[in-house]
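Below: the structure, in structure tokens.
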Amino acid sequence: MGIADSVLDLIGDTPLVRLKRMSEEYGLTSLLTMKLEAANPGGSAKDRPALEMVLRAEADGLLHPGGTIVEPTSGNTGVGLAIVAAQRGYRCVFVVTDKVSPEKVDLLRAYGAEVVVCPVAVPPDHPDSYYSTAERLVTEIPGAYRPNQYANPANPQAHTLTTGPEIWRQTDGRVTHFVAGAGTCGTLTGTARYLKAQNPDVRIVAADPRGSVYSGGSGRPYLVEGVGEDFFPAAWDPSLIDEVIEVSDRDSFLMARRISRTEGILTGGSGGMAVAAALQVARRCGPDDVIVVLNPDSGRGYLSRVFNDTWMATHGFLGESDGPTLAEVLAHRPDRSPLLYVNPAHTARDAIAVMQREAVSQLPVCKNEPPFATAEVVGAVHELELMAGAHQDRSVLDRPVAELMGPRLPTIGVGQLAVHATRLLEQHPAVLVLADGRPSTVVTRADMLTYFSHTSRG
């Protein structure tokens, strides 16, 4: 009978489908196809390495009956490990960043896993980073084992053993290009290793979020989940990669929405990123080329973000159309100033100097250097509070703003209606404007008055 012995036997053998309508829309002559990894039991490509890493750990004596699996994960690897753990009797503790969507956290808990949420806006060696937190938990929990998908050779090996052969078989060996997101690089390099062993001319293309190290960034800031890195993991092998294509958050999210509505394939931001890169490749190719783009998971884990119009608008990815927008307000400003800010370690005296030089009355306080993630905006300083503090004690001027700052400014997307900004400015002296998911400038009451003055003429 066609009955699997367990859900683990259903991992792999995912379908390959032509992106027919997208190909017609872009006038492609090449064959553009998508590998649908959401067909795995856990809904993502990460089921493959999850199973391989656990089996390898058992064989090597690193994971024993009744043990605990501890892993930092964006969600999908955790789901895969949780499924394997449920079948093989292990406890799971997963560490995620606060960038991960609520649906993913809820999903991990639905499988019985414990989830620890850590801040994303800290470096990897910080005690509160999700890497450091996972290492601490491994030492604290008896019988704990960390698969460490970033360094575990079983991660890419899973794709060498399964994903690569499947693609080769499904395309009858005609595949010419393989496109996938670069995260831990297990999927990318493991599949590449098999395909290039069959045909060294197969081109391997890494799709990477703008800001990630693979495309020359520092590892920050970007909002696409599950791809990109701020370091080079062990599985990264540049000798296997023919091209890296950088894709912005905006293009990734809008492409995800477009695929879902054009092809009927619900994909997340990382899938949108991979397709955006694959389309760049496909437009350069001819009728003999077969492009396989790997869609790592489903869009169901991103309904509150990528597919939520309000979230997209408030982060500056979508515009509203029922009236004048904040972008029109900013267009009437005498200058289009970049984001003015101070770092937490700057003194109050430094902040006052910026305020006086730029003729502003408040400044966001931001960690690191621009461009910033919204999570890196940690507060704000206002001239009124600084004046009051200095009046009572002049030594306040030489204290770091981290000790003096107030709450963060409220945020608004650049494409949202101007009326929303007006309502926020009734309660706050300034509002932080987000464009493409990043802080871009500050809008004030004076900006709104300038806009009203210009648009009331004639």
| If we keep just the residues of segment 222-261 that are aromatic (Phe, Trp, Tyr) and surrounded by fewer than 18 Cβ atoms within 10 Å (Cβ to Cβ), which is modelled with the highest pLDDT? | Phe232
| note | Here, helices (runs of 4 or more DSSP H) confined to segment 279-383 with at least 1 residues that are among the charged types (D, E, K, R) and not assigned by TED's automatic domain parsing to the domain that holds Pro439 are 309-314
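Residues checked against (1) modelled with pLDDT of 95 or more; (2) within 23 Å of the chain's Cα centre (by Cα); (3) over 14 Å from Thr162 (Cβ atoms); (4) not small (Gly, Ala, Ser):
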| position | (1), (2), (3), (4) |
| --- | --- |
| Met1 | no, no, yes, yes |
| Val7 | yes, no, yes, yes |
| Ile11 | yes, no, no, yes |
| Thr14 | yes, no, no, yes |
| Arg21 | yes, no, yes, yes |
| Glu24 | yes, no, yes, yes |
| Thr29 | yes, no, yes, yes |
| Glu37 | yes, yes, no, yes |
| Glu52 | yes, no, no, yes |
| remark: Considering segment 384-433, residues that are without any contact (Cβ under 8 Å) to a residue 12 or more places away in the chain and part of a helix (DSSP H, G or I), and then whichever is surrounded by the most Cβ atoms within 10 Å (Cβ to Cβ), we arrive at Arg423
| Do we find a residue being touching a residue at least 24 places away in the same chain (Cβ under 8 Å), more than 25 Å from Leu434 (Cβ to Cβ) and either acidic (Asp, Glu) or in the same structural domain as Glu37 (by TED's automatic domain parsing) (or both) anywhere in segment 216-229? | no
| field | Selection count, segment 291-304, where residues are surrounded by 24 or more Cβ atoms within 10 Å (Cβ to Cβ) and not aliphatic (A, V, I, L, M) | value | 5
| request: Return the total of residues in segment 100-119 being assigned to a loop (DSSP other than H, G, I, E, B) and crowded, with 19+ Cβ neighbours inside 10 Å. | output: 3
| Among the residues of segment 185-218, how many are over 20 Å from Ala45 (Cβ atoms) and within 11 Å of the chain's Cα centre (by Cα)? | 2
| request: Among what's in segment 184-200 and is assigned to a loop (DSSP other than H, G, I, E, B) and touching a Phe, Trp or Tyr at 6+ places or on another chain (Cβ under 9 Å), pick the residue that is farthest from Val54 (Cα to Cα). | output: Asn199
| request: Hey, can you tell me all the residues within segment 439-458 that are farther than 28 Å from Val381 by Cα and either without any contact (Cβ under 8 Å) to a residue 24 or more places away in the chain or touching a strand residue (DSSP E or B) at 6+ places or on another chain (Cβ under 6 Å) (or both)? | output: Ser453, Ser456, Arg457, Gly458
| task | Identify the residue in segment 201-235 that is among the polar types (S, T, N, Q) and assigned to a loop (DSSP other than H, G, I, E, B) and, among all such residues, is farthest from Pro124 (Cα to Cα). | result | Ser212
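The values are calculated or read from the model by the stated rules, or taken from the named source; none is laboratory data. This is a predicted model, so every value here is computed, not measured. Neighbour counts run over all protein chains shown; Cβ positions are idealised from the backbone, glycine included.
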